[in-house]
Protein chains: 4
Amino acid sequence: MSAPICLISGVGPGTGSALAKRFTEGGYRVALLARNEARLAALEKELVTAKGYPCDVSDAAQIDHVASQIERDLGSPSVVIHNAVGGAFGTFREIDPSILNRNFQVNTMGLLYLARRFSPAMIDAKKGAIIVTGNTSALRGKPSFAGFAPTKAAQRILAEAMARELGPNGVHVAYLVVDAVIDLAWTRERFKDRPDEFFIKPKAIAEEIWHVVHQDRSAWSFNVELRPFGETW
Amino acid sequence: MSAPICLISGVGPGTGSALAKRFTEGGYRVALLARNEARLAALEKELVTAKGYPCDVSDAAQIDHVASQIERDLGSPSVVIHNAVGGAFGTFREIDPSILNRNFQVNTMGLLYLARRFSPAMIDAKKGAIIVTGNTSALRGKPSFAGFAPTKAAQRILAEAMARELGPNGVHVAYLVVDAVIDLAWTRERFKDRPDEFFIKPKAIAEEIWHVVHQDRSAWSFNVELRPFGETW
Amino acid sequence: MSAPICLISGVGPGTGSALAKRFTEGGYRVALLARNEARLAALEKELVTAKGYPCDVSDAAQIDHVASQIERDLGSPSVVIHNAVGGAFGTFREIDPSILNRNFQVNTMGLLYLARRFSPAMIDAKKGAIIVTGNTSALRGKPSFAGFAPTKAAQRILAEAMARELGPNGVHVAYLVVDAVIDLAWTRERFKDRPDEFFIKPKAIAEEIWHVVHQDRSAWSFNVELRPFGETW
Amino acid sequence: MSAPICLISGVGPGTGSALAKRFTEGGYRVALLARNEARLAALEKELVTAKGYPCDVSDAAQIDHVASQIERDLGSPSVVIHNAVGGAFGTFREIDPSILNRNFQVNTMGLLYLARRFSPAMIDAKKGAIIVTGNTSALRGKPSFAGFAPTKAAQRILAEAMARELGPNGVHVAYLVVDAVIDLAWTRERFKDRPDEFFIKPKAIAEEIWHVVHQDRSAWSFNVELRPFGETW
């Protein structure tokens, strides 16, 4: 079983699925992590080389459990993409504080658990990549993102601390700052009046992650920002 | 009881005590929050207008409880300084993951609880200040700060979201980025060979916070950075 | 003549005049640099301890010339505030390229000339301050500020390079990022419909600069940001 | 003549040549701008589809002149890469001030001239790319880069103002922040004791620029950072 392995957390209908397709097409065997078993089953059917593993990434024990399964089924992932995300909308006075805490568990602690579990094999192999999909909330606190932005900022800084440590070990950590609304059924519904060019395409995000994962190691990016050409920023 | 009230969380021997002195001297009645009762008792003796309230700021119920006591004893704080901090040293592989989580509860969730409990009265009064003492970890992830820096980044972005919301309500939120080692007994011991000018003085930090709290409202600072003149940055 | 000396470039009706008043009131003898002789004469009449020196700060020879006069008349400045500014409005396609170049000469080269001429005496005295008044253009390129923002970005980075070099020599360099429209006759005219709180007061900016110049040297700020409480940012 | 045209300024032995090769291999006809005619002649011999145009990019008239030649010889460039750079080493007290000014003319004014001359055709075509090669000096002022960093900061902010304006017109502006020493004969000589992995390869930079130029327009990067895997940052 010599195909490289790519693990993707948070395989929803958008970026996660597009990533699964891109890495499958690129010759990877793909391990999909999500809490939703039905979604995993559907993707397994669509992508013959992908395999789903039900998992809540905010739980280190569950990650450890599926990691063992993945290693037995497929082998050690050389690419781990933390795409699972807990979100929220509301000011600091509107949200239930437990929301901020929950998002921290998924977004930041989840990254820590994944990196602790999977980086040792990458370090041994002197290669590998850990990619985190984030957005501008990681850099800026807008009032209505009080229950979310802090956890993305924490996630980005954790990724940066990991990048500095893992880089010299041959393991590439990168953080994607997506500065746009992703093109999904529900966002199309919510932003009905916006033109096509308002949205960033999941496929384009996946393509960029594929590129970053395969950058020449003399020229790695940590911070990767993406926005549609028409975006006002 | 017409003296203004200042609440300070995390009253250790450094910045917290210096803040307590500065605001006491400036005519405030000061409420001190800390888990260590002995320390609170000692400070109460030293500062006649300060009153200690044992409290773990990572626990919303405890905050709510002491808030009621403070309001009864002193009145509503017009200044809240979140100086309590959970720290750690170690790379993401070295730390126990629970450390990162614990620091998030104290540093970020604690800020959220304090702000939710005390900002409504400030909004009603159309004035007040919430100040958070942070450091460069909030902006940069160094490998050995993996268990700490993410929580300061989260704290800073939460403060920013609050600042944008509370500013137009007359409530000033500011974040101090202290880019230096604070001058304390234990840091002097640890950095024995460093000259005086290597350290930032708690008294100078307190003076700066006093200044920020009293800035003309046509010219407020959110991000406030401080470093000793000799610091290489 | 034991009063400290403060040099201010760009003494217009706003920040420059407010600075002249604040430092005069604080016991400084003030040297005012501006190209407009009538304005200098008016300020000299108003502030008895201030003295005007006609000077185009984009011309190193003129700076050298007035510097000698100031040293003879008043002594060596311990505080230099570069407040002169060349501005412009227009996209990169709309502006005359010579505008960008001209603004660079005033904003950035002017700072270099002032710092080269006045910092040696500060270094010898092991104290002093060089303050630059800037704004958010230094951090962000908006389309209509293409003829201006690049020169403020250059100015800020030059100030930063100077700060790192002069700090350990006891000379404090700071950069003010004013994130607001300054309250002046012409801005009131232009933003007629805005409430008082939309504007930042020149007096408040001057007060802040006074504060920064006199910070304890164990706790200096380089980047100083100011905005009105009601500003949306 | 249906091949797309790529213009590259500053074609030295490093990034410029690597870019010329990459775009030639990718099917572009390449126009090379440099002051050194011998170098241009050598590259023309090596790359049959590349054509050299002697030009000092700090001179708008020269740019206008060669632009007309290029349009006549090859057509309108859809890709313009501003790689010409004026550098310097020294603190603000050590450098000759004219150095800072000269670097501004090449790095920042040169970009303005190129963009003004070539963007109108791109806007008409609703596509094209303007890429600027920069480095961390654009973000940080170190003492010894006082004659250089300010001009890169200016260049980056000018590029940002252009990006925001040109993006909605279908023209992609991106800024490369190279955080490393480029692998060249003279840098190898200067950093003799460093291992291979200390250096960033010109070929890898060229590959990244090729990628950015061809990003899907729903997912463009403005800021692109690159560093070798072993870089401590």
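Structure notes:
- Relative to the other identical copies, B:A185 shows label-point distances of 6.2, 6.5, 6.5 nm, where the label point lies 7 Å from Cα along the Cβ direction and values run shortest first.
- The mean number of partner chain beta-carbon atoms within 10 angstrom of a residue's beta-carbon across peptide D:164-175 is 4.
- Sparse-neighbour loop sites [trypsin sites (Lys or Arg not before Pro); the range A:43-126; at most 16 other C-beta within 10 Å; DSSP]: A:R93, A:K126
- The calculated FRET efficiency for C:N36 paired with C:D96, based on their beta-carbon distance and R0 = 22 Å, is about 0.45.
- Relative to the longest principal axis of the Cα atoms of chain D, helix D:110-125 runs at roughly 30 degrees.
- Centre-to-centre, using Cα atoms only, the range C:44-106 and the range D:118-163 are separated by 27 Å.
- Across the identical copies, how the A:H65 labels are spaced - nm, sorted shortest first, 7 Å along Cα→Cβ: 3.5, 7.6, 8.3
- Considering only the protein assembly as shown, percent of DSSP beta bridges that pair antiparallel, nearest 5: 5
- Applying 1/(1 + (r/R0)^6) with R0 = 35 Å to the Cβ-Cβ distance of A:E46 and D:H214 gives a FRET efficiency near 0.80.
- Placing R0 at 25 angstrom, the Cβ-Cβ distance between A:A185 and A:K142 gives a FRET efficiency of 0.50 after rounding to 0.05.
- Distances in nm from B:R217 to the matching label points in the other copies, shortest first (labels 7 Å along Cα to Cβ): 3.8, 4.8, 5.8
- Share of pairwise Cα separations in the range D:1-155, more than 22 Å, in percent: 40
- C-alpha long axis of helix B:15-25 to longest principal axis of chain B, angle in °: 30
- Hz values of 3J(HN,Hα) by residue in the range D:222-233 - Karplus curve (6.51, -1.76, 1.60), Gly and Pro given as x: 9, 8, 10, 10, 9, 8, x, 4, x, 5, 8, 9
- Site pair D:T232 and D:D64 shows an inter-label distance of 5.1 nm when each label is modelled 7 Å from Cα along Cα→Cβ.
- Helix C:202-213 vs. chain C, principal-axis angle (Cα, 0 to 90°, nearest 10): 50
- Largest GNM mean-square fluctuation across D:I130, D:I95, D:I182, computed for chain D with C-alpha springs under 10 Å, falls on D:I95.
Taken together, the values in this text are just the output of simple stated rules run on the coordinates, not laboratory data. Note that the structure is a prediction, hence the values are computed from the model and not measured. A quick note on method: Cβ atoms are made from the backbone with ideal geometry, for glycine too, and the neighbour counts reach across all protein chains shown.
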